[in-house]
Amino acid sequence: APAPPPARHLFSDPAEVDALRGNLLAWYDRCKRDLPWRALAATEPDADRRGYAVWVSEIMLQQTQVATVIDYYNRWMQKWPTLQALAQASLEEVNELWAGLGYYSRGKRLQEAARKVVSEFAGQMPRTAEDLQKLLPGVGRYTAGAIASISYGQATGVVDGNVIRVLCRLRCIGADSSSPAVIDRLWHMANVLVDRSRPGDFNQALMELGATVCVPKAPLCGECPVKQHCQAWRRVSLGPAAIVPLVFAGVGDCSLCPPATEPWDSSLGVTNFPRKAAKKPPRAMRTATCVLERRGCHGAPEYLIVQRPSSGLLAGLWEFPSLLLAHGLQEKKEREVLTDHLQAWMGWPVAAKGLRFIGEVIHIFSHIHQTYVVYSLPLDGDVTLDPASSPSRWVTEEEFHASAVSTAMKKVLR
Ligand code: SF4
């Protein structure tokens, strides 16, 4: 068996663990933000409804700021207050409500999982983190732990980006925080630390600390309720000899310390932790998109939108007719291929000259740097579309904004 990590990386003193839990929970009781899903989880007597409310909030909060999520969450719970209601919704309705929140597959999978709970488990949510992760599509280890601890009181830890940062600082973990060895160690720590009588509050408190105090760039260590347990803070305020044990590593073979090639940097203070491997740059893609416009019956402009395939990026969402471009095409060639595409799709000739170049819109997806090359094409009358091609419809500007369209397409229209 591998040797246990050095004491500075562990929570091995039960008295310290108790004190840390008490300090963190007392701070949470005093300072926590009022958030709609917290209120619901604290007051809802029905366990399945509690589980559902926490589940929706956790899926929405993945990769999205709390301030953005609140409005989406409230509208979602108003429209589908129960799992049963969500199970009966169409994907189109889910996409419409999700529009603008990004990472659209999250909404789709949430709805698929709700259908599964209703059809296979008679509407009863699995009650443990292990079962939630095993049985529900789209529910990973973190989400399962959050639902089980917050809704059902299971004493199980959680590890998300905020928890990674806090734990790495508390225990001076400077190895790549996305490596399996470090992630394993952090899960172990989270499970050791979680308060047995208030697991849901404890997990939320740890995440809240990361979101509001132990923030990435300028942590507020002076206000931190657990600074006396924080090895990084001790290292900064009392010097290297203050951390446990007395010698600060940075060399040697400890798999949790910063690598010898990138030792402690005094100018960074506690933000020496966590360390991450360099991110891969996003893939560059170029897409030609054409806003086809006609006058509607009251003279207001109408735009043609088409539906994307039901799988892959932005599955099932609506967009202006678009075409992925090969790398390195000249502007003239881009215009020609877009013209051919529109022509094949509409079934009548389109003059490349008629396309008006509007500009470029950049949108960053998680792993893609997308450039939309935007053209417009005003039409005199209607167009007959090939019914075998993707579903399409004409919409007013208002209808466009109410449709399941991505933020990128809203930028294109603007
Ligand atoms: Fe984070 Fe500073 Fe608190 Fe340590 S003392 S946990 S670095 S805010």
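Figures for the structure shown
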item: Residue (of V118, A87, A148) at the positive-pole extreme of the stretch 86-228, dipole from beta-carbon charges; result: A148
item: List V69, V192, ordered by accessible area with a 1.4 Å probe, largest first; result: V192, V69
item: The chain: angle of helix 331-346 to the longest principal axis, Cα-based, in degrees nearest 10; result: 70 degrees
item: Long pairs among K353/K411; K108/K280; K217/K280; K279/K411; K353/K410; K276/K332, criterion Cα-Cα beyond 31 Å; result: K276/K332
item: Cα long-axis angle, helix 180-193 against the chain (0 to 90 degrees, to the nearest 10); result: 60 degrees
item: Solvent-accessible area per residue for the stretch 75-135 (1.4 angstrom probe, square angstrom); result: 47 Å²
item: Accessible solvent surface per residue of the stretch 283-413, calculated while the other protein chains remain in place, 1.4 angstrom probe, Å²; result: 51 Å²
item: Accessible area of the stretch 1-56 belonging to carbon and sulfur atoms, whole % at 1.4 Å probe; result: 55 percent
item: Nonlocal amide H pairs with V405, under 5 Å, H built at 1.01 Å; result: W318
item: Rounded if a/c under 1.5, otherwise prolate or oblate - the stretch 306-414, Cα gyration tensor axes; result: rounded
item: The chain - mean residue ellipticity at 222 nm from DSSP helices (-39,500 (n - 2.57) per run, n ≥ 4, rounded to 500); result: -13000 deg cm²/dmol
item: Rounded tilt (10° steps) of 105-120 against the dominant C-alpha axis of the chain; result: 80 degrees
item: Partners for K32 among lysines (Cα-Cα distance below 19 Å; same-chain residues under 8 apart left out); result: K227
item: Check: the stretch 156-204 dipole with +1 on Lys, Arg Cβ and -1 on Asp, Glu Cβ, in debye; result: 140 debye
item: Extended-chain gain in nm, criterion 0.36 nm per residue less alpha-carbon gap, Q65 and A277; result: 74.0 nm
item: Estimated D of the stretch 7-272 in µm² per second, where Rh is the Kirkwood radius over Cα pairs and Stokes-Einstein applies at 4 °C, 1.567 mPa s; result: 66 µm²/s
item: Carbon and sulfur %, accessible surface of the stretch 283-413 computed with the full protein complex present, 1.4 Å; result: 55 percent
item: Isolated Cys in the chain, by beta carbon distance under 4.7 Å; result: C31, C168, C172, C214, C221, C224, C230, C290, C297
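The values are calculated or read from the model by the stated rules, or taken from the named source; none is laboratory data. Remember, it's a predicted structure, so these values are computed and weren't measured experimentally. Cβ coordinates were reconstructed from backbone atoms using ideal geometry, including for glycine residues, and neighbour counts include every protein chain displayed. Side chains included, ligands, DNA and RNA excluded: accessible areas come from the protein's heavy atoms. Shrake-Rupley method; radii C 1.70, N 1.55, O 1.52, S 1.80 Å.
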